[in-house]
1. Under 8 Å by Cβ, and 6 or more places apart or on different chains, what pairs join a residue from the range 15-31 that is on the phi < 0 side of the Ramachandran plot with one that is hydroxyl-bearing (Ser, Thr, Tyr)?
2. Given the criterion buried (at least 18 other Cβ atoms within 10 Å of the Cβ) and of a type in the set (A, V, I, L, M, F, W, C), identify the matching residue among Leu141, Leu129.
3. Considering each residue of the range 694-705, count those that are closer than 10 Å to Pro649 by Cα and surrounded by fewer than 13 Cβ atoms within 10 Å (Cβ to Cβ), and give that number.
4. Can you find even one residue in the range 195-204 that is modelled with pLDDT under 90 and either surrounded by 12 or more Cβ atoms within 10 Å (Cβ to Cβ) or closer than 24 Å to Asn167 by Cα (or both)?
5. Is it true that Arg290 is at pLDDT below 90, within 18 Å of Ser17 (Cβ to Cβ) and basic (Lys, Arg)?
6. Quick check on the range 293-320: of everything there that is surrounded by 12 or more Cβ atoms within 10 Å (Cβ to Cβ) and over 14 Å from Gln433 (Cβ atoms), which residue is modelled with the highest pLDDT?
7. Given the residues Arg164, Arg149, Arg216, Arg187, which is the only one that is assigned to a loop (DSSP other than H, G, I, E, B) and surrounded by fewer than 20 Cβ atoms within 10 Å (Cβ to Cβ)?
8. Can you name every residue in the range 411-425 that is under 23 Å from the mean Cα position of the chain (by Cα) and not aliphatic (A, V, I, L, M)?
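The values are calculated or read from the model by the stated rules, or taken from the named source; none is laboratory data. All of these numbers come straight from a predicted model, not from anything done at the bench. We place every Cβ from the backbone using ideal geometry, glycine too, and count neighbours over all the protein chains shown.
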Amino acid sequence: MRIGLFLNNLDEEYQTSVYKGVRDEAAAKGLDLICIQGETLYNYRDRNPDELFPSREFICADGILILTSTIMDRTVSSPLQALRQFIKVPLVSIGSRFPDYPSIIVRNSDTMTLLMEHLVVFHAYRKLLYLGGPVEHPANLVREHIFCRTINAMKDRFPGLEGRVINGEFRQTSAIMMMREYIGAHRDDPPDVIVAGNDNIALGALKLLNTIGDSRWEGCRVTGFDDIEQARLENPSLTTIWQPLENMGRLAVKTLLDLINGQKVDETIYIESELRIRNSCGCTALPKNRKGKNAADHKVSRTINRPEYHLQNMSLLGQAFISINSLNEMISPLRFFLTNMAVKGFFLILYPQPLEHPGNVGNLIYYRTAHGEYHRVDSPETLEMTDFFSHTIAKHIENSPSAGMAWCVYYLRSGREYLGLIVYEAPDGVHPQICNAGVFLSNTVKRLQIHDDEKGQIQRLEREVAIRTKDLGETYRKLREEVQRRMAVEAEVLKISEMERLRFSMDLHDDICQRLAGISMLCKSFINGASFESFLPELSELIDETLARTRRYAHDSFPMELDVLGLKEALDALCHTVSRQNACRCVFSWSAPEKSLFNSVQDLNIYRIVQEALQNAVKHAGAAVINVDIRAANGIFSVNIRDSGIGDPQLNEEKSDFTDIQRFIKRGGLGLRSMRYRAHQLGAEYIFESSEKGGTRIEINIPLP
């Protein structure tokens, strides 16, 4: 049979004392014990109910003990009601009342009242300061209430009696902070005695009073609560209230076992506390006629404690963990620490990634038992927590029972992230050091995770930089090619412009100028006595042809009908003119929307391509038939020009190495360049095919806007 004990942390004597009682009684009854640390009801309102005590799902306990005085800071019933929904096994509360469940309570009311009477009546103290724990903590509520109630009840009998209350945490560091703040606000008004909510607060107050350097405050007396071992060893020894903590643990196990066996138990079971009067309250001997017992009446624990040795081991572990850079490097100092602490059973389990709540699957990084040791950081064994506790831990308990020890769980955390857990069994006096080692482990694991994340991020950034660099290199290459292409296009445009001007100049020189020269010569012949009537018909015809040629050149420079009539009518007129002026038949067909879908610049480029193709077909190929076919389909505007003339296959290779510019023009090189350039400006596909017998075909395919 297995039972589970839930508490805050085994890092101070109150909890370790209860744990010892539970452990010893469980061993005496033949029960397996799993002690879970760190699963509390603090800040319950920030959690979902099903997140309470998550390990209850996998420790496979037949009954549960909860040290409610350390894991619950509010008296509200909502967390208790939530627990009833999820905890289906018998449950016993230790330290605080848990409605509807058996609760083991120490009766402190009479003893606390006795302490107050001792301070006010016997010592005649009139200024009392209460240093308490959290305001809503159940134990603090009782102690603070008795303090205030006693002060109010005795004011009439003892004039000048007053009490003040400060709340913090049940820790020495909190007491030091509370005292510093109070002294700063009441420097000239020290109390006669400080009544602490527990011994840790009392010890923290004593430490500050002994170092303040003010005789008025150094004279303050101090009392505690709990009677931990340090209270008896302190100088002066601490007047306090002894709680039978180990007895509470033993009684809780007996009560839980009765519940499991179906026996009826009382809802609240009380244990009496006792007043321990020592020196810190101002006593030098036991007062007469007092019910309290002196220090000699309570045996000091004989447990061998080696605080300096433990602190040295903790320091070595901390120093080693600071310098490591991998989980593998962490194993050696951890092994050394566990050996020095005589820890035989230890499991280190890390979650694959940080979780918001304890998970049911983890990676076994390292373990040591009486039968061997294992560590495999690079390829760890994956565990399910349920199987781990029900089989692995159960097997170790069965094969290697450790006298006076039980298996404990400590979660590795960073903020609200759960990183993993350690499961261990350790001798008395070592639990606080294991908890401290757990803090070191948590910080180190988180640091290594951050380091690995940063390293992974750096690697990802390096890969991205490499990709971006490659992309930039490719972009630069393409940009350079585009710049070179643009430079070539600009050079081509300049060359085409120069050639166009050259061709226009040659046309004027060879045609218009020659005709004007002929007219001039005829006119001069009239001056020399030639018969005007005989040359008049020839002169008239020559002037008409010159005028027609001049108009054609003007029309070729810019077709006015393109703006007036549109692209379709302009091309139709062009084909008609070519047919009329040349010994060929130019057939025009249009299978596209009547109105052009392009802008005026695009229309002009289309017109010039057709014009250039027709001119080449007439002038260079000697074509008898030319077909101009315009179509629009599937988002493409197609212009197809085919002639029946004599083609030149060399033009298919797009050569531009002609040294004779006039020969280059005559072969159509300038026209081809011009058409290719205009097609590029249109964003069109340009197709040119020429053969000696099959003629020439030019096609451009323009995406419709």
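1. Gln15/Thr70
2. Details: Leu141 fails: buried (at least 18 other Cβ atoms within 10 Å of the Cβ).
The match here is Leu129.
3. The qualifying residues number 0.
4. The initial filter retains those residues of the range 195-204 that are modelled with pLDDT under 90, namely none.
So far as the range 195-204 goes, no, none of its residues is modelled with pLDDT under 90 and either surrounded by 12 or more Cβ atoms within 10 Å (Cβ to Cβ) or closer than 24 Å to Asn167 by Cα (or both).
5. Numbers: at pLDDT below 90: yes; within 18 Å of Ser17 (Cβ to Cβ): no; basic (Lys, Arg): yes.
No, not satisfied.
6. Ala320
7. Arg187
8. We begin by selecting, within the range 411-425, every residue under 23 Å from the mean Cα position of the chain (by Cα); these are 411-421.
Listed by number, the residues that qualify are Tyr411, Arg413, Ser414, Gly415, Arg416, Glu417, Tyr418, Gly420.
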